[in-house]
1. Would you pull out the residues with amide H under 5 Å of residue 364's amide H, same chain only if 5 or more places away, H placed 1.01 Å from N?
2. Once the piece of chain linking residue 152 and residue 360 is laid out straight, how much longer is it, given 0.36 nm per residue of separation minus the C-alpha distance between them?
3. Under the rule a/c < 1.5 gives rounded, and otherwise a/b versus b/c splits prolate from oblate, where does the range 1-86 land using the Cα gyration tensor?
4. Determine how many Å³ per residue the convex hull of the Cα atoms of the chain encloses.
5. Could you calculate the FRET efficiency of residue 297 with residue 207 from 1/(1 + (r/R0)^6), where r is the beta carbon distance between them and R0 is 22 Å, rounded to 0.05?
6. Can you give the charge dipole size of the chain about its Cα centre, rounded to the nearest 20 debye, using +1 on the beta carbon of Lys and Arg and -1 on the beta carbon of Asp and Glu?
7. Just for the Cα atoms in the range 268-329, what are the lengths along the principal axes, largest first, rounded to whole Å?
8. Where both partners of a DSSP beta bridge lie in the chain, what percent of those bridges are antiparallel, to the nearest 5?
Amino acid sequence: MSPPRCLPILETLVGFDTVSRNPNRPLADWVEDYLRRLDVPVHRVSDPTGQWVNLFATIGPPDVPGYVLSGHTDVVPVDGQPWSADPFRLRVADGRAFGRGTSDMKGFDACVLAMVPAMLERPLTKPIHIALSFDEEVGCKGVRLLIAELDRLCPVKPLGVIVGEPTGMEVVIAHKGKESYRTSVTGTPAHSSLAPTAVNAVEWAAELVVRIRDIGRRLATEGPFDPLFDVPHSTAHVGQIHGGTTLNIVPEICWFDWEFRTLPEVDLAALVAEVKAHAEARMLPAMRKLAPAVEIRFDQTTELPPVDIAADHALTTLTKALAGKNGHRKVAYGTEGGLFRRDGGIPAIVCGPGDIAQAHKPDEFVELSQLAACETFLERLIAHCRA
């Protein structure tokens, strides 16, 4: 089998260190130059600094509805991970392409860009739009700016968005919604020998952590359930906690990070409200009997709506035909598709090369056969858009 045509582009994309804390502008500059050399007009939607850049390009007639191919350009950090080689230099061995972002999700980006010449060979009757975003890994920050500009960038609403996150080229018709928070508890400091006279921020934070855990257990036992999801129920999770300075001081501050991931039909806002109500109605009155100025603050860090498209929707039927699949899946992780669906009013589905199990790990890789399958998928999309 000949190597996938996207490999040279993937090598270039992996070579840009686009960990979310770093500007992605150098990568965006390269992609824009690549597309402009093919006479494809490119639009930028940047953050206020101009250093973090979304790109949007249209191939084909802009005045009829078409399809958006959506990918992100940022990757997660490699700090502290035991990579066996430079993570920002593509290495091909044993039928796999290794490097940070090969699976999540520069492999898809490279496939799309490599197929642009094929898109241009003969006129399309339906347009193919390319949307590349920044800062997906830290709350899908970039794509929100892009979606806000879609009426200008794409005056005719697309028929659908295909998000190329790694699904093994399986068709994913739904993923969970997510909200995450940093909750900060402010108590009062004191010598630990006087602990009963002070408000212990760690202990009160722990009570709220237990409340979140109990909600998670309720969701796991009472549902609702959907067996098509890899985790068939909604979940609660506390991932980080920090408080106190030393044992003999009653801690004044404690904060913790937590999240809900919910099935599309579950009222996520109601679950968050339940946590906040417990803090405000049950905890704060007891805390303020000792110190009126104490507080519990909730700062949202991530909000991501679900994807949920019908199994018989036209976009689902098309995506299955393009992928050569009869079945479909649902997944627990989130994508930008939910934002296209909710804020852009565009149906969204997820299908892309690679395995989510390889994402975010040292020696991340994508199978070359997956890249080849994605290129075949895109060839079929191009043929569909010429019909």
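The values are calculated or read from the model by the stated rules, or taken from the named source; none is laboratory data. In this text, all values refer to a predicted model and were calculated from it rather than measured experimentally. Here the Cβ is made from the backbone with ideal geometry for all residues, glycine too, and neighbour counts use every protein chain on show. We work out accessible area using only protein heavy atoms, side chains counted, and drop any ligands, DNA or RNA first. Shrake-Rupley method; radii C 1.70, N 1.55, O 1.52, S 1.80 Å.
1. Excluding prolines and chain starts, which carry no amide H, the hits are 99.
2. Values: separation 208, 0.36 × 208 = 74.88 nm, distance 3.43 nm.
Separation in residues times 0.36 nm, less the Cα-Cα distance, equals 71.4 nm.
3. Numbers: a/c = 2.24, a/b = 1.39, b/c = 1.62.
Here the range 1-86 falls in the oblate category.
4. Value for the chain: 155 Å³ per residue.
5. Numbers: r = 16 Å, r/R0 = 0.71.
Between residue 297 and residue 207 the formula returns 0.90.
6. 360 debye
7. 65, 18, 14
8. 75 percent
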